[in-house]
1. Can you list the helices (runs of 4 or more DSSP H) found entirely within segment 354-471 that contain at least 3 residues being away from the ligand (no atom under 16 Å from the Cβ)?
2. Name the pairs whose Cβ atoms lie under 6 Å apart, with the first residue in segment 545-562 and closer than 18 Å to Asp480 by Cα, the second β-branched (Val, Ile, Thr) and more than 7 Å from the ligand (Cβ to nearest atom), and 6 or more positions between them or separate chains?
3. Among what's in segment 359-370 and is within 16 Å of the chain's Cα centre (by Cα) and buried (at least 20 other Cβ atoms within 10 Å of the Cβ), pick the residue that is farthest from Glu485 (Cα to Cα).
4. Pull up segment 552-575, narrow it to residues that are of a type in the set (A, V, I, L, M, F, W, C) and not in a loop (DSSP other than H, G, I, E, B), then point me to the one that is nearest to the ligand (Cβ to nearest atom).
5. Cβ contacts < 9 Å: first residue on the phi > 0 side of the Ramachandran plot, restricted to segment 531-544; second residue hydroxyl-bearing (Ser, Thr, Tyr) and outside any helix (DSSP H, G or I), any location; separation 6+ or different chain. Result?
6. For Glu515, indicate whether it is under 23 Å from Glu571 (Cβ atoms), in a helix (DSSP H, G or I) and within 16 Å of the ligand (Cβ to nearest atom).
7. Quick check on my filter: what residues within segment 524-551 are part of a loop (DSSP other than H, G, I, E, B) and within 16 Å of the ligand (Cβ to nearest atom)?
8. In this structure, does Ala540 turn out to be more than 32 Å from the chain's Cα centre (by Cα), of a type outside the set (D, E, K, R), buried (at least 20 other Cβ atoms within 10 Å of the Cβ) and not assigned by TED's automatic domain parsing to the domain that holds Ile389?
Amino acid sequence: MTCGSVDDGKSTLIGRLLFECGAVPEDELAALHEDSRRHGTQRGEPDYALLVDGLSAEREQGITIDVAYRYFAGPERSYIVADTPGHEQYTRNLATAASRAELALLLVDARKGIVTQTRRHLHIASLFGVGRAVLLVNKMDAADYSEAAFRPLEAEFSRLADRHGIEAIAIPVSALKGENLTSPSSRMGWYHGPTLLSFLETVPPPESADTPFRMPVQWVNRAGFRGFCGTIAGGFVSPGSEVRILPGGQKSIVSRVVTMDGELETAKAGQAVALVLADEVDCTRGSVIAAAYAPPEVADQFEVDLVWMDEEPLLPGRSYLLKLGAATVGATITELKHQVDIDSGQHVAARTLELNGIAVASVSLDRPLPFAPYLESRELGGFILIDRISNATSGAGMIRFALRRSHNIRWQHLEVSRDAHAAIKNQRAKVVWFTGLSAAGKSTIANIVERKLLALGKHTFLLDGDNLRHGLNRDLGFTDADRVENIRRAGEVARLMADAGLIVLCAFISPFRAERRMIRQLLPPGEFIEVFVDVPLKEAEKRDPKGLYRKARAGQLPSFTGIDSPYEVPEQAEIRIDTTSLSAEEAAELVVEAVLR
Ligand code: ADX
């Protein structure tokens, strides 16, 4: 991968390299340079090489591509360059390229030196397991080809790379004049190291580690024969190989290895195959077929490195979709351990993670998955997080290790069932969730509903935002992250009360769709009733029973819902109450009917 900031000369460098290696005709080179001068590293560069067909694989992983791939050939080897735009917000492209790269070329302007971008690129490269980096100190022609301009940058880069455990060298070049790219520069006699190309030609290829066989199952073929299809992530497989299917752990033997071009005696990492097994096993999309003698571990909690690439910040406690290998599961970040300050390399505390943020975090999955630490396997250790509402790829992560926190905690079987708890109360458990702006009337209506249900002999309990914030949630404020946690806890409590057979009435602003949906999913179908207590902001402000809107407008109450903190209107509420046309009594009557239905 090549990385550089706008105007560091990335396009010129790649163009020149392609030209000197015969991949671009000379008359196009001038146009290329002109183009890169005009557009910096923006998109829309001329397309002077082929696109690699790995693209479809990345689409599969849900990563949007904005990376240009280019081919060129040296005397010994041929190369694919993944060209990533250098703007700050392009972490996503950078991550995509880094997750496939073995070597990073980092470009800096000799006159500007190492900048935040360079540190960010190096950091991300190291996170994604890129083991080698070359600092190309470019525009040496504009720095009098002077050794004094080069050496301090070389020393600084070497220190940085050391800190990341990356092998590094620095080469003084002029991309424009073609100095030290493919032939040694006569203008920099003081430099005795390799040219860029001679370095690329001699750098050892990535070790194809001697890993045991592993294949994430992408899909199960049922036409003709039952074959488990996927791309081999590590090791070899042959008919007769003993395998284990994870996460279940069943054993079997491979009877056939089938490809588009017929059956194989052996297949190895990188090949797409369909495996036919000797036994009927429980194996679906997302399972991993692995060598029986060394199956990967299975876990549901991990410590991970995270790179955030969404405009919407990461909120711990919110449920995202996590894709690892071919499996997709629900997941939450349970703890942000620290964020990494790119400039200083220091660890800083963080409650949320913004666009381009990098952090170490704990993640908890809805169910256990087979995995490997990222440093052992990119395929079984690298994952992406997807926003459930927008479907955007919000983050990329790398598993460091499994957390065994919940390892010794199992579900304790309860003798008295959920249904029995409800039956003895002569009712069906329900969670009635009132959501809406402050002063909409949630608590008022919920109170009337509870009184009416009590009169009908029902067993109820009312959880109210203001009250919970005096006890259980006393440590939480009104930031987005705190509201997510507030609702997560309230939802868990409501679920427990429903388990006890109660009709639970919950009155919380609960401004976010994602959390309301999460609670819905905690409960059996039909037990969650979402009641949208709808009031125009203007009307709520007019009522203002606690004087909070007035304070918020006066700037004395920051992050007030509806004023400077969002409220996401429900899309599929079971009941919508228009508080401008219904009285609280009438509204309560509607809710009671729905509860008893
Ligand atoms: S929620 O957003 O996390 O669901 P919750 O329902 O628990 O909020 O608490 C809302 C109550 O806290 C409001 O009824 C109001 O009395 C009080 N409050 C204090 N500050 C704020 C604020 N900044 N935004 C909203 N409500 C606030």
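1. 378-381, 418-423, 442-455
2. From residues that are closer than 18 Å to Asp480 by Cα, the pairs are Ala552/Ile563.
3. Ala359
4. For segment 552-575, the residue satisfying everything is Ala552.
5. Close Cβ pairs (under 9 Å, with a partner that is hydroxyl-bearing (Ser, Thr, Tyr) and outside any helix (DSSP H, G or I)) amount to Asp544/Ser438.
6. yes
7. Within segment 524-551, Val535, Asp544, Pro545, Lys546, Gly547 meet the criteria.
8. Taking the combined requirement at face value, the residue satisfies it.
The values are calculated or read from the model by the stated rules, or taken from the named source; none is laboratory data. Note that this is a predicted model, so its numbers are computed, not measured. Neighbour counts run over all protein chains shown; Cβ positions are idealised from the backbone, glycine included.
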